Every structure is written in C-alpha cells, then in structure tokens.
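A.B. asks: Encoded as structure tokens, here's the structure I'll be asking about.
The values are calculated or read from the model by the stated rules, or taken from the named source; none is laboratory data. Keep in mind that what you see is a predicted model, and the values were worked out from it rather than measured. Every residue, glycine among them, receives a Cβ derived from its backbone with ideal geometry; neighbour counts consider all protein chains shown. All accessible areas refer to the heavy atoms of the entire protein, side chains included, with ligands and DNA or RNA removed. Shrake-Rupley method; radii C 1.70, N 1.55, O 1.52, S 1.80 Å.
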Amino acid sequence: DIQRDVEAAVTQRLREANSTARVLDVTGVRDQSLPAGRVTLEVGAIAGRWPRTRAGVPVRLVVDGRAVRTVTAWVELGDLRNVLTYAAPASAKAPVDALRLATGDVDMLCCEGAAVLSADALAGMRVRRAVRAGEPVLVSDFEPMPDVVERQPIGIEVVRGPVRLTTVGTALADGRIGQVIAVRPDASEHTI
C-alpha cells in the first residue's frame, strides 16, 4: 500500500527531525498498474521547509530493481499544541507590558521557531514585528527593550571644556547606554 508506506516514511523523518507533528492524511496516490515482479517503493526527499502543513513527496515505484514510475503523494501534517497566543494585535516595537496574551490551540506548523513557554520569560522585551491576534507567541518575535526608545523625550547634555549645556529633545532612534544616536533638541529643527 503506497499510502501506508509514505505515511511510515514521513513519520520516521518527523521523528528524526525531533518534530511533534503527525501525519493527518496522504492523498494523490491511486492504484497503479505495474509490470509483474517484486515491487518496492523509494520515498524521495521533501523539498523546502520541513515540516510544513502540506508537502508533495516523490515516490519511485521500483519493480525488480528498476524504477518504472514516479508519483507524487501529498502529505498533510498537523502539530496542534496549546501555546501562548496574542489576544490582540500589536504594532512592532510594542513593549511586553502593552501586549495582551492568552493561551490557545494552534497548529504550530504555521510558523518557524520555538513557542514562548511562559510570559515571565519576556520581561524587559518588546516585539520586533507587528503581530496579529491568534498568532502563537514565538521566541523569535522578541528583542531586548533598548535603554532609549525612538521618539522618547530625553535629556541632552553637551560638555565642551568648562561649558555645560543641557536641554530636552527627542530620540530619533533606539539606543543603548554609551551608544551614539541622532536626537533633535525641542528648540531646534536640526538633528544632532
């Protein structure tokens, strides 16, 4: 049975990839008319990102050691898990404390990357990209919160010898302590 052999081969490949996904369905393969002889199947490599929701699997039909036909079996996979999800959309660079999170069942083949196991692990972080409600919360979605956030009001201090000038302005980029970033003093249209 071609479907059974394809399912067994794909299940073995999922185990080798340490994936928790499982085969839901194998389609596209119908009964084949083959010459008489000893029939074996050679399940070929799956191209592209693996695992994914649906994949075409090349299957060579071999009779007495000679390939007589290649067919494509379509495999549908699933990896339903209960994970943290975004309960509401959020824009890129939103701090973690501005996010609404929930738990929900998500087919994790939707995306690449590890799911965040606990919201506590996100302290001091912000999202890198805009996120949508219902998406799983992934480790790769986050980056550390910078010390200075773009468009944040900041104090500006310039020291030249014995002269010290202070004013307030706006950060024009994110930055860390000790890093040089562009700022615009409130009383000026020039960037420094």
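A.B. asks: Just to check your reading of the model, which residue among Arg151, Arg129 is over 19 Å from Tyr86 (Cβ atoms), part of a loop (DSSP other than H, G, I, E, B) and under 30 Å from the mean Cα position of the chain (by Cα)?
C.D. replies: Exactly one of Arg151, Arg129 is over 19 Å from Tyr86 (Cβ atoms), part of a loop (DSSP other than H, G, I, E, B) and under 30 Å from the mean Cα position of the chain (by Cα), namely Arg151.
A.B. asks: Kindly check whether there is at least one residue in the stretch 128-144 that is more than 29 Å from Trp50 (Cβ to Cβ), open to solvent by 60 Å² or more (accessible area, probe 1.4 Å) and among the small types (Gly, Ala, Ser).
C.D. replies: No, the stretch 128-144 contains no residue that is more than 29 Å from Trp50 (Cβ to Cβ), open to solvent by 60 Å² or more (accessible area, probe 1.4 Å) and among the small types (Gly, Ala, Ser).
A.B. asks: Considering only the stretch 132-148, state which residues are without any contact (Cβ under 8 Å) to a residue 40 or more places away in the chain and either part of a strand (DSSP E or B) or not polar (S, T, N, Q) (or both).
C.D. replies: Answer for the stretch 132-148, where residues must be without any contact (Cβ under 8 Å) to a residue 40 or more places away in the chain and either part of a strand (DSSP E or B) or not polar (S, T, N, Q) (or both): Leu138, Val139, Asp141, Glu143, Pro144, Pro146, Asp147, Val148.
A.B. asks: Let me ask something additional. Quick check on Ala98: is it of a type in the set (Gly, Ala, Ser), over 18 Å from Arg13 (Cβ atoms) and open to solvent by 80 Å² or more (accessible area, probe 1.4 Å)?
C.D. replies: The answer is no for Ala98.
A.B. asks: Yes or no: Ala114 surrounded by fewer than 19 Cβ atoms within 10 Å (Cβ to Cβ), under 27 Å from Val57 (Cα atoms) and either of a type in the set (Gly, Ala, Ser) or free of Cβ contacts under 8 Å to residues at least 24 places away in the same chain (or both)? Show your work before the answer.
C.D. replies: On the way: surrounded by fewer than 19 Cβ atoms within 10 Å (Cβ to Cβ): yes; under 27 Å from Val57 (Cα atoms): yes; either of a type in the set (Gly, Ala, Ser) or free of Cβ contacts under 8 Å to residues at least 24 places away in the same chain (or both): yes.
Criteria met by Ala114.
A.B. asks: Scan the strands (runs of 3 or more DSSP E) fully inside the stretch 17-86 and keep the ones with 2 or more residues being open to solvent by 80 Å² or more (accessible area, probe 1.4 Å) and in contact with a Leu (Cβ under 8 Å, 6 or more places away or on another chain).
C.D. replies: Correct list: 22-27, 54-63, 66-78.
A.B. asks: Right, something else. Being open to solvent by 60 Å² or more (accessible area, probe 1.4 Å), acidic (Asp, Glu) and more than 26 Å from Leu14 (Cα to Cα) is true for just one of Asp105, Asp120. Which residue is that? Spell out how you get there, then give the answer.
C.D. replies: Numbers: Asp105 fails: more than 26 Å from Leu14 (Cα to Cα).
Being open to solvent by 60 Å² or more (accessible area, probe 1.4 Å), acidic (Asp, Glu) and more than 26 Å from Leu14 (Cα to Cα) holds for just one of Asp105, Asp120, which is Asp120.
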